[in-house]
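Working notes, beginning with the structure itself.
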C-alpha cells in the first residue's frame with residue numbers, strides 16, 4: 001500500500017449522532033477517509049461490496065440483522081476489509097459470536113477519538129485491537145470452551161508464542177519485534193498456522209487456538 005493512500009473506513013451504526021461524530025472525525029483526520037456511513041447492516045451490504053473499504057466499524061446492536069451476525073456476511077462480500085466491532089459494554093456471547101464469525105477486534109463505544117483512530121490503523125495493519133475489558137473477557141471465554149486438539153494441528157513452540165501475542169492484540173509488526181523475528185518470518189509462521197488450523201484469518205486462528213487449548 002502506498003503511504004499516501006488514506007485508510008478507507010465505513011461506519012455501520014444506528015446511533016445517528018455517534019455515526020456522524022465518527023464520520024466527522026475520520027473526514028477531518030489526515031490519513032483516513034470516510035468510505036460510507038449506514039444505519040443498518042442491510043443498508044451497507046451492497047454499497048460496501050461495490051466499493052470495499054479497508055476497515056468497517058460495525059455496531060453489535062443494529063436494527064434488523066445484528067452486527068454480530070452481519071460479520072459473516074461482510075466477510076463473504078468484502079473479504080479484504082477488517083471488521084472492528086463497536087459496543088456499549090462487553091457482552092460475552094456477542095463477543096464470542098463476532099470473533100468466531102471473523103471480526104478482527106472489539107472496542108467499547110466510549111473509546112476516546114485518538115484511541116479509536118489508533119485501533120483503526122492497527123486493524124488495517126493486521127492487528128487485533130480490543131478494549132482491555134473486552135480482551136480479558138474474550139480470553140476467559142475461549143479458555144472455558146476448550147475443544148479437543150488434533151495432534152496434526154499442534155503449532156510449533158515459535159508459532160505458539162506468535163499466537164499468544166496475536167491473542168493479546170499485537171499486530172504482526174509488534175509481535176515480530178517481541179519475538180526478534182522479521183516481518184517475513186512472521187508471515188511464514190502465519191501461513192503455517194493457517195494451514196494447520198484450517199483457517200483463513202488471524203481472528204479465526206486465535207479463536208480456534210484458544211478454544212482447543214493450544215494457547216492459554
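Before moving on, here are some points about what is shown:
- Matching residues, region 191-207, being touching a residue at least 24 places away in the same chain (Cβ under 8 Å), in contact with a helix residue (DSSP H, G or I) (Cβ under 7 Å, 6 or more places away or on another chain) and closer than 18 Å to residue 128 by Cα: 193, 202, 203, 205, 206, 207
- Residue count, region 55-68 (criterion: at pLDDT 90 or above and in a helix (DSSP H, G or I)): 1
- Among the residues of region 23-47, those identified as closer than 15 Å to residue 62 by Cβ and in a helix (DSSP H, G or I) are 41, 42, 43, 44, 45.
- Any hit, region 161-169, residues being over 17 Å from residue 209 (Cβ atoms), part of a loop (DSSP other than H, G, I, E, B) and not assigned by TED's automatic domain parsing to the domain that holds residue 120: no
- Residue within region 128-141 that is modelled with pLDDT of 85 or more and farther than 13 Å from residue 214 by Cβ present: no
- Given (1) in contact with a helix residue (DSSP H, G or I) (Cβ under 7 Å, 6 or more places away or on another chain); (2) part of a helix (DSSP H, G or I); (3) modelled with pLDDT of 85 or more, index of the condition residue 98 fails: (3)
- Odd one out for residue 123 among (1) crowded, with 18+ Cβ neighbours inside 10 Å; (2) over 17 Å from residue 199 (Cα atoms); (3) in contact with a helix residue (DSSP H, G or I) (Cβ under 6 Å, 6 or more places away or on another chain): (3)
The values are calculated or read from the model by the stated rules, or taken from the named source; none is laboratory data. Since the structure is predicted, the reported quantities are computational estimates derived from the model, not experimental observations. Neighbour counts are summed over all protein chains in view; Cβ atoms, including those assigned to glycine, are modelled from backbone coordinates with ideal geometry.
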